[in-house]
1. Which of the lysines could a cross-linker bridge to residue 26, judged by Cα under 19 Å and excluding same-chain residues fewer than eight apart?
2. Note down the accessible area of residue 26, probe 1.4 Å, to the nearest 10 Å².
3. Hey, if you put +1 on the Cβ of every Lys and Arg and -1 on every Asp and Glu Cβ in the chain, which of 20, 31, 6 ends up farthest toward the positive end of that dipole?
4. Would you work out the relative contact order for the chain, in percent, from Cα pairs under 8 angstrom that are 6 or more residues apart?
5. Could you order 61, 91 so the one with the most accessible surface comes first? Probe is 1.4 Å.
6. Could you size up the charge dipole of the chain around its Cα centre, putting +1 on the beta carbon of Lys and Arg and -1 on that of Asp and Glu, and report it in debye to the nearest 20?
7. Please turn the phi angles of region 20-25 into ³J(HN,Hα) values with the Karplus equation 6.51 cos²θ - 1.76 cosθ + 1.60 (θ = phi - 60°), one per residue in order, whole Hz, x for glycine and proline.
8. Under a straight-distance cross-link criterion of Cα-Cα below 29 Å, which lysines are reachable from residue 109, leaving out those fewer than 8 residues away in the same chain?
Amino acid sequence: MNSGMVRGIAFDCHRLLSPAQECSDKMRAAITGVSGYWVDLGGEEFKQHCEEWIKKMNEFKSTIAQIESNMMKYADKLQVEEERAEAARLKEAERQASERAAAAAAAAKSKGKIK
């Protein structure tokens, strides 16, 4: 897994936050101003269920936000590791190229002395 993939997953988590807030807002609107008439017909129980659901939705949003944050931190860590690995790969490639050039120069010099 690379940093780009982790950032993509974090973005997917982030996309859950807006719909979750919207649902919570709609549920809050549904119970706002429940009249005494509806309270007597089970409205209070409905209101309590809605408030519990809103509480759980807020916990869900908090959990998703924490997961997103942790994933972004992990993506940052992976990116640093990827950059270090790439730098090491480039350094090794340069070392090998230098060795090949030195060997080719030595071979050419050696051929010149034999002739």
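1. By straight Cα distance, residue 26 reaches 47, 55, 56, 61.
2. Accessible area, nearest 10 Å²: 130 Å².
3. Checked the options; the winner is 6.
4. Working: 55 pairs, mean separation 49.7, N = 115.
Relative CO of the chain lands at 43 percent.
5. Result, largest first: 91, 61.
6. Details: 19 positive and 18 negative charges, 323 e Å.
Dipole of the chain, to the nearest 20 debye: 1540 debye.
7. 5, 5, 4, 4, 4, 5
8. 91
The values are calculated or read from the model by the stated rules, or taken from the named source; none is laboratory data. Note that the structure is predicted; figures quoted are calculated from it, not measured. Positions of Cβ are generated from backbone atoms using ideal geometry, with glycine treated the same way; all protein chains shown enter the neighbour counts. Side chains are part of the model used for accessible areas, which takes the heavy atoms of the whole protein and leaves out ligands, DNA and RNA. Shrake-Rupley method; radii C 1.70, N 1.55, O 1.52, S 1.80 Å.
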